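Student: Quick one: structure below, then a few questions.
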Amino acid sequence: MRKFMVLAIAALLIVPGAVALAEWDGPYVPTPVYNTRDGSLTNLAKASLSGCYSSYCNETERVINVDISASIAQWALVSLNATDIEWRVLKPGDYYIDGIQATLQSNGDLYVDYEGFANLVNDEGDVLETYYALAPGAWVTAAALNNDDDLLEENMAHEPVIFTLYNRIVVGSCDSACEYEDPNGATISVILKEQKPWIWDPYVSAE
């Protein structure tokens, strides 16, 4: 019996294909960005210079407005100790495991979406009762898990947040000796709720 689980990471408001240059409000002159630690160039941040000033006169005082701003993208650490759950059962019984342990951390709100969880079935459509829990003993059906999405607020995510998706199966005496699996596969999507529209892929060379 094999249970597949796919982790999907999605971000809201991402411009498709935005991998090189950020979007600026107006004309810009890109300037190199360096790591303070060792002076090396980095593509994890970008900066632009715009505007100009020139004066050649005899005024006693000249007041020049200088604007400095920074826009910080949302980032997320998403770590799972496993993406597959595979059972081997010798005899009928009611069994559970600690399941998948996930670690999340971010500088913004995260939305965790469960989709596609279902009872395990065999090729003939026979059903193996399957349950999940986000807390020990708080078992819900697979369908209920799909409706139990979570919002992890920023103030909770500044430090790594660890949670466990417990998995339980009930094997009856009439359950056939065969393979069971989630018919459609399941996904966990971690959605960055406060992402910026200008992000780029830092591992793709700028054009």
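Student: Express in nm, to one decimal, how much length is gained between Asp123 and Asn35 on full extension, taking 0.36 nm for each residue of separation and deducting their alpha carbon distance.
Tutor: The span from Asp123 to Asn35 would gain 26.1 nm if fully extended.
Student: Then there's this: For the chain, take the alpha-carbon Rg, divide it by the Kirkwood Rh, and send me Rg/Rh.
Tutor: Across the chain, the Cα-based Rg/Rh ratio is 1.20.
Student: Okay, next question. Label Ile97 and Ala45 with points 7 Å out from Cα along Cα→Cβ: what is the distance between them in nm?
Tutor: Rounded to a tenth, the inter-label distance reads 4.3 nm.
Student: Identify the residues of region 170-187 with backbone N under 15 Å of a label point that sits 7 angstrom from the Cα of Thr83 along the Cα-to-Cβ direction, or state none.
Tutor: 185-187
Student: Work out which trypsin sites (Lys or Arg not before Pro) in the chain are exposed loop sites (DSSP not H, G, I, E or B, at most 16 other Cβ within 10 Å) and give the longest gap free of them.
Tutor: 89-207
Student: I've got another one for you. Label Arg168 and Glu153 with points 7 Å out from Cα along Cα→Cβ: what is the distance between them in nm?
Tutor: So the two model labels end up 3.0 nm from each other.
Student: Given the options Val171, Val89, Val140, which has the most mean-square fluctuation in a GNM of the chain, springs set between C-alpha atoms less than 10 angstrom apart?
Tutor: Judging by the Gaussian network model, the answer is Val89.
Student: Of all the Cα-Cα pairs you can form in region 35-79, what percent are over 17 Å apart?
Tutor: In whole percent, the long-distance tail amounts to 64.
Bear in mind these aren't lab numbers, they're just calculated from the coordinates by the rules spelled out. As the structure is a computational prediction, the values presented were derived from the model and not from experiment. Positions of Cβ are generated from backbone atoms using ideal geometry, with glycine treated the same way; all protein chains shown enter the neighbour counts.
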